[in-house]
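The values are calculated or read from the model by the stated rules, or taken from the named source; none is laboratory data. Computed from a predicted model, the values in this text were never measured in an experiment. FYI the Cβ positions are ideal-geometry reconstructions off the backbone, even for glycines, and counts take in every protein chain you see. Side chains included, ligands, DNA and RNA excluded: accessible areas come from the protein's heavy atoms. Shrake-Rupley method; radii C 1.70, N 1.55, O 1.52, S 1.80 Å.
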Amino acid sequence: MAVANPVHRLTEAEYLEIERRAEFKSEFLDGEMFAMAGGTRWHSLIASNLNFAMRSQLKGCPCRVYTSDLRIKVQASGLYTYPDVSVVRGQDEFDDERVDTLLNPTVIVEIISDSSDAYDRGKKFELYRQLPSLREYLLVNQYKPLVEQYVRQESGEWFLRDVAGLESKLTLPSLGITIGLADVYTDVRFMPDPRRPSVTGGRT
């Protein structure tokens with residue numbers, strides 16, 4: 001009987017050595033690397049709008065707003081990943097002297113797509129919740145003006161609030177700022193959501 005070859009699982013050090021030389025970004029968990037897919041035009045525009053809106057509101061505050069170029073590590077689980085936007089309030093904490101792996105984000109933003117939806121709101125959020133510093137998690141829809149805002153309570157529980165419509169305002173209590181959804185979605189053209197089947201008339 002043939003014996004399957006065991007899968008070689010990388011150490012965190014091996015992953016970082018590969019990742020720092022790679023031409024594309026990969027997530028890392030449980031000894032495996034997972035290449036991260038590129039985003040759509042609208043995904044990129046929303047991330048840019050959010051970054052600008054947050055930076056404008058936080059000018060003069062002890063906060064830094066980072067793009068998806070900055071890697072984040074969840075120490076409790078060993079997840080390494082690249083959120084679309086992350087914000088730190090207070091002093092940044094990094095994994096080593098390379099200062100390219102953040103440990104203490106206050107806010108994490110993921111712009112969901114048809115391929116990432118289930119992971120971002122399920123397993124990934126479960127892993128993110130293990131970050132002691134994390135106070136808010138935002139899931140931004142790119143197909144309609146909707147932000148799902150999870151806020152950590154003093155009890156440790158997470159409260160969900162849906163902020164919908166271009167006239168609505170998104171208040172981030174952990175940062176003390178308010179952003180209009182019209183600013184989040186500036187110049188975005190909403191496309192049909194591929195996760196929802198189209199409805200057609202007539203018989204098949």
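What the table below lists for this structure:
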item	result
Against the rule of thumb 2.2 N^0.38 Å, how large the Cα Rg of region 62-161 comes out	1.03
Global geometry of the chain, whether rounded, prolate or oblate, following the gyration tensor of its Cα atoms and the 1.5 cut on a/c	oblate
Probe 1.4 Å, protein heavy atoms only - accessible area per residue of the chain in square angstrom	57 Å²
Range in the chain, longest, excluding exposed trypsin sites (Lys or Arg not before Pro) [loop by DSSP; at most 14 other beta-carbon atoms within 10 Å]	99-188
Cβ charges +1 (Lys, Arg) and -1 (Asp, Glu), total dipole of the chain, debye	660 debye
Listed pairs Lys123/Lys144; Lys25/Lys123; Lys73/Lys123; Lys59/Lys169 exceeding 21 Å between Cα atoms	Lys123/Lys144
Portion, in percent, of the accessible area of the chain that falls on carbon or sulfur, probe 1.4 Å	51 percent
Helix-derived mean residue ellipticity, 222 nm - over the chain, DSSP H n ≥ 4, -39500 (n - 2.57), to 500	-5500 deg cm²/dmol
Between region 59-120 and region 6-28, the alpha-carbon center distance in angstrom	18 Å
Geometric extent, Cα atoms of region 20-104 - Rg, Dmax (angstrom)	13.9, 40
Region 62-204 - share of DSSP beta bridges that are antiparallel (%, nearest 5)	75 percent
Lys/Arg +1, Asp/Glu -1 at C-beta; the chain dipole; positive extreme among Ser115, Tyr15, Gly90	Ser115
